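Heads up, the thing below is written out as structure tokens.
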Amino acid sequence: MSFAQQTRRAYVHRIRKREGNMQTLDQWMTKSKAPSTLVAEKRDAQGAVVLSRPLCQYPQYPRYTGPANDAAASKSAANYTCSS
């Protein structure tokens, strides 16, 4: 896959993700339907997810519930739960 194709694929993914987030926010604002979960992601220059965390409602915070001593698992939102 060429660099241009990789760039286009990453850009299209970002647009789709952004549209999904905008729909979620629109429903929250117009229909008072708050999302059950939101996930924040940090991406590298190529658009790959470096780490992700759930965004929790205050006063909750993301608590790690994944396997111990696993650096790769600690970067995934799937291994966190919102707790008080």
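The values are calculated or read from the model by the stated rules, or taken from the named source; none is laboratory data. Given the structure is predicted, the values throughout are model-derived calculations rather than measurements. Cβ: placed from backbone, ideal geometry, glycine included. Neighbour counts: every protein chain shown.
Annotations for the structure displayed:
- Of all residues in the range 20-56, those that are more than 14 Å from the chain's Cα centre (by Cα) and not aromatic (F, W, Y) total 12.
- Beta carbons closer than 9 Å, at least 6 apart along the sequence or on distinct chains, pair a first residue in the range 21-47 that is in contact (Cβ under 8 Å) with a residue 12 or more places away in the chain and outside any helix (DSSP H, G or I) with a second that is of a type in the set (F, W, Y) and surrounded by 10 or more Cβ atoms within 10 Å (Cβ to Cβ) for G47/Y11.
- Taking the range 69-80 as the range and being over 10 Å from R53 (Cα atoms) and under 17 Å from the mean Cα position of the chain (by Cα) as the test, the residues that pass are A72, A73.
- Residue selected from the range 18-60 under the condition surrounded by 13 or more Cβ atoms within 10 Å (Cβ to Cβ) and among the hydroxyl-bearing types (S, T, Y), by the criterion modelled with the highest pLDDT: S52
- Of the numbered criteria (1) within 14 Å of the chain's Cα centre (by Cα); (2) surrounded by 12 or more Cβ atoms within 10 Å (Cβ to Cβ), the one G66 fails is (1).
- In the range 48-84, residue farthest from N21 (Cα to Cα) [restricted to those that are assigned to a strand (DSSP E or B) and among the charged types (D, E, K, R)]: R63
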